[in-house]
Amino acid sequence: MAVNEKLQIIRHSCAHVMAEAILKIYPGTKIAIGPAIDNGFYYDFEFPTTTKFTETDFPAVEKEMRRILAGNHDFVRKEVSKEEALKLFADQPYKVELINDLPADAVITTYEQDGFLDLCRGPHVANTKEINGQAFKLDKVAGAYWRGDSSRPMLTRVYAVCFEKPNDLQNYIKMMEEAEKRDHRKIGQEMDLFHLDPEDPGQIFWHPNGWTVYTVMQDYMRKMVRRDGYQEVNTPAIMPKSLWERSGHWGHYQQNMFITESEKRMFAIKPMNCPGALEIFKSRQRSYKDLPLRLAEFGHDVRNEPSGTLHGVMRVRGFVQDDAHILCTEDQLGAEVAKFCKLLKNVYHDFGFNDLVVKFSTMPEDHVGDLATWERAEKQLSDACHEAGLEYEIQPGEGAFYGPKLEFKLYDCIGREWQCGTIQVDYQLPSAERLDATYIGADNQKHHPVMLHRAILGSFERFMGILIENFAGAFPTWLAFEQVAVVPISSDFDDYAKEINDALLAHDIRSNAYLEDENMKAKIKRISQEHKTPYILVVGQKEKDEGTVCVRYRYSSQKPQETMKLDDFIAYVEDKVNTHFIGI
């Protein structure tokens with residue numbers, strides 16, 4: 001059994017133990033579902049109306065759970081009929097609903113430990129002794145609608161973290177404590193990067209500091225894709241219902257689209273850019289000699305995400321993707337994927353991410369297209385990964401219905417995993433049944449191109465949040481909204497400070513001269529805390545006389561201050577910017 005599979009079984013089994021403990025402490029509680037999730041598990045409950053379950057109740061529940069685990073109880077699996085299951089769970093309405101929704105011929109299983117019976121497919125550990133009582137911890141309480149339906153009852157969801165060994169739990173707790181310090185919402189406010197308005201949920205108001213970083217990222221990506229053979233395009237923000245119907249989004253994605261009407265016609269604000277890219281491809285007759293055609297778009301998309309799922313700049317309603325669509329022949333598919341993988345590795349490296357995990361999602365049961373085409377596409381994806389020097393993990397049956405895909409996950413400095421980049425193979429959107437995009441082949445006949453949907457950063461908003469947390473706001477020099485701060489020792493040297501600042505600005509170095517009537521040490525402390533500026537230049541009589549600057553580095557413990565000629569300092573900063581250097 002794989003380590004991850006074993007751990008998921010431990011977590012799901014521990015969820016049953018938590019449900020048992022809560023039922024013993026709070027009689028009359030109704031239980032719903034309790035799956036394993038990343039880092040732990042949760043269980044949904046409907047507590048008696050007299051009970052207000054909060055985090056203050058955690059110690060009592062954890063104590064009862066450890067008492068249960070110490071009893072070394074077996075998890076006993078049993079197959080039952082639908083009628084028997086309904087009798088067993090007659091006092092648990094959520095379980096009854098689940099049972100009634102099962103097909104008549106379904107195999108229904110229950111698991112029992114220490115007298116607690118639950119409806120469950122399993123599997124579970126053999127005995128509670130396989131769950132370490134010091135390797136789990138109740139984490140938080142949240143509300144959750146039954147089956148995700150806002151018209152159904154609101155249940156209490158109790159989350160827990162759970163690991164195989166206590167040391168793993170302690171390491172996770174330390175990581176989460178560090179993550180809390182790095183919360184992008186907290187740092188975003190402290191550094192005046194952006195704000196979120198409750199009157200306009202899911203939309204970001206970027207302030208000058210944050211927008212500077214944002215546009216530096218965007219300019220960088222624009223340069224990288226241009227060098228890699230992409231042409232940048234821009235498509236309308238609002239497009240007609242007829243287009244979304246032909247693309248299939250109206251039938252499958254309408255609930256996440258913002259709809260508007262004009263002159264008795266229905267329109268939607270675009271949630272994605274792919275139909276627009278194909279409309280550009282179709283605007284004139286294409287030849288096989290035009291392929292591959294790589295169309296990049298920094299398109300602003302809007303999706304009607306439920307307000308409860310929104311999270312800072314990580315999960316929003318309005319965002320911009322570093323999106324692109326590659327139209328190519330089937331013979332070109334493998335080379336284009338390999339080319340993309342190399343570009344993605346280079347981009348992630350420049351942002352300081354070198355540890356990647358690639359997930360390869362293969363043909364799902366519900367798919368379109370013949371098996372031979374799928375097998376060829378999957379082989380081309382596999383070969384392309386190896387050509388780019390990337391290994392991958394298979395996600396069987398997780399591909400899109402129209403083709404296989406690769407997902408790229410990176411790790412930040414505290415070990416958290418983020419899924420960002422993706423490339424998907426699409427035979428359907430360009431087809432005659434959808435948007436009917438064609439090119440003239442070497443045989444002088446019309447053919448449908450293959451469409452590759454790909455992104456590297458994902459959305460700029462989410463990637464910005466990842467960067468804020470990864471660097472704790474201390475952006476590398478090439479990304480920092482303020483690269484240099486010039487601080488005169490006293491007002492007598494304001495003119496020299498302005499002279500230095502003007503010279504830096506003339507070399508496109510983002511600099512500010514701090515001439516406020518404030519103590520020098522107080523200025524330096526404020527700049528360091530609020531802006532986390534990589535370099536602070538202190539200037540006084542000696543520097544003015546010698547045409548130098550005294551350089552204070554952001555991480556003074558790593559690199560002590562030093563005096564440099566201005567031209568040497570400018571060359572130093574330009575080198576850090578041009579090489580996308582991550583350190584100091």
Checklist entry - Within the range 92-111, how many residues are touching a strand residue (DSSP E or B) at 6+ places or on another chain (Cβ under 8 Å), open to solvent by 30 Å² or more (accessible area, probe 1.4 Å) and modelled with pLDDT of 95 or more? => result 2
Item to check | Whichever residue in the range 489-531 is of a type in the set (S, T, N, Q) and open to solvent by less than 80 Å² (accessible area, probe 1.4 Å) and, among such residues, is nearest to the chain's Cα centre (by Cα) | outcome: 528
Checklist entry - Are any of the residues in the range 234-244 in contact with a Pro (Cβ under 9 Å, 6 or more places away or on another chain) and assigned to a helix (DSSP H, G or I)? => result yes
Item to check | Count - residues of the range 336-370 that are among the aromatic types (Phe, Trp, Tyr) and assigned to a helix (DSSP H, G or I) | outcome: 2
Item to check | Residues within the range 249-293 that are touching a Leu at 6+ places or on another chain (Cβ under 8 Å) and not β-branched (Val, Ile, Thr), tallied | outcome: 11
Checklist entry - Which members of the range 28-49 meet the condition of being assigned to a loop (DSSP other than H, G, I, E, B), crowded, with 22+ Cβ neighbours inside 10 Å and charged (D, E, K, R)? => result none
Next on the checklist: It is to be established whether one or more residues within the range 138-145 are open to solvent by less than 80 Å² (accessible area, probe 1.4 Å), in contact with an Asp or Glu (Cβ under 8 Å, 6 or more places away or on another chain) and modelled with pLDDT under 95.
Outcome noted: yes
Checklist outcome for this item: Among the residues of the range 50-63, the number that are closer than 22 Å to residue 165 by Cβ and open to solvent by less than 50 Å² (accessible area, probe 1.4 Å) is 3
Checklist entry - Yes or no: residue 46 closer than 21 Å to residue 90 by Cβ and either in contact with a Cys (Cβ under 7 Å, 6 or more places away or on another chain) or among the charged types (D, E, K, R) (or both)? => result yes
Checklist entry - Among the residues of the range 387-402, how many are at pLDDT 85 or above and either in a helix (DSSP H, G or I) or of a type outside the set (A, V, I, L, M, F, W, C) (or both)? => result 8
Next on the checklist: Kindly evaluate residue 561 against the criterion of being open to solvent by 20 Å² or more (accessible area, probe 1.4 Å) and in contact with a strand residue (DSSP E or B) (Cβ under 6 Å, 6 or more places away or on another chain).
Outcome noted: yes
Checklist entry - Does residue 423 meet the test of being in contact (Cβ under 8 Å) with a residue 60 or more places away in the chain and either within 16 Å of residue 329 (Cα to Cα) or under 24 Å from the mean Cα position of the chain (by Cα) (or both)? => result yes
Checklist outcome for this item: Listed by first then second residue, the pairs whose first member lies in the range 525-554 and is among the polar types (S, T, N, Q), whose partner is buried (at least 21 other Cβ atoms within 10 Å of the Cβ) and in a helix (DSSP H, G or I), with beta carbons under 6 Å and at least 6 positions apart or on separate chains, are none
Next on the checklist: Is it the case, given these coordinates, that residue 296 is without any contact (Cβ under 8 Å) to a residue 60 or more places away in the chain, open to solvent by less than 50 Å² (accessible area, probe 1.4 Å) and out of contact with any Cys (no Cβ under 7 Å at 6 or more places or on another chain)?
Outcome noted: no
Checklist entry - In this structure, does residue 482 turn out to be at pLDDT 95 or above, surrounded by 17 or more Cβ atoms within 10 Å (Cβ to Cβ) and within 30 Å of residue 341 (Cα to Cα)? => result no
Checklist entry - Taking the stated definitions as given, is residue 70 more than 30 Å from residue 393 (Cβ to Cβ), surrounded by fewer than 15 Cβ atoms within 10 Å (Cβ to Cβ) and in contact (Cβ under 8 Å) with a residue 40 or more places away in the chain? => result yes
Checklist entry - In the range 259-278, is there at least one residue being open to solvent by 40 Å² or more (accessible area, probe 1.4 Å), more than 30 Å from residue 414 (Cα to Cα) and of a type in the set (Lys, Arg)? => result yes
Checklist entry - Given 255, 218, which one is more than 30 Å from residue 442 (Cβ to Cβ), modelled with pLDDT under 95 and either surrounded by fewer than 17 Cβ atoms within 10 Å (Cβ to Cβ) or in contact with a Phe, Trp or Tyr (Cβ under 8 Å, 6 or more places away or on another chain) (or both)? => result 255
Checklist entry - When the range 427-449 is examined, which residues are found to be in a loop (DSSP other than H, G, I, E, B) and at pLDDT 95 or above? => result 437, 438, 441, 442, 443, 444, 445, 448, 449
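The values are calculated or read from the model by the stated rules, or taken from the named source; none is laboratory data. Note that the coordinates shown come from a computational prediction; the quantities given were computed from them, not determined experimentally. When we count neighbours, we look across all protein chains shown, and the Cβ atoms used for this are built from the backbone with ideal geometry, even at glycine. All accessible areas refer to the heavy atoms of the entire protein, side chains included, with ligands and DNA or RNA removed. Shrake-Rupley method; radii C 1.70, N 1.55, O 1.52, S 1.80 Å.
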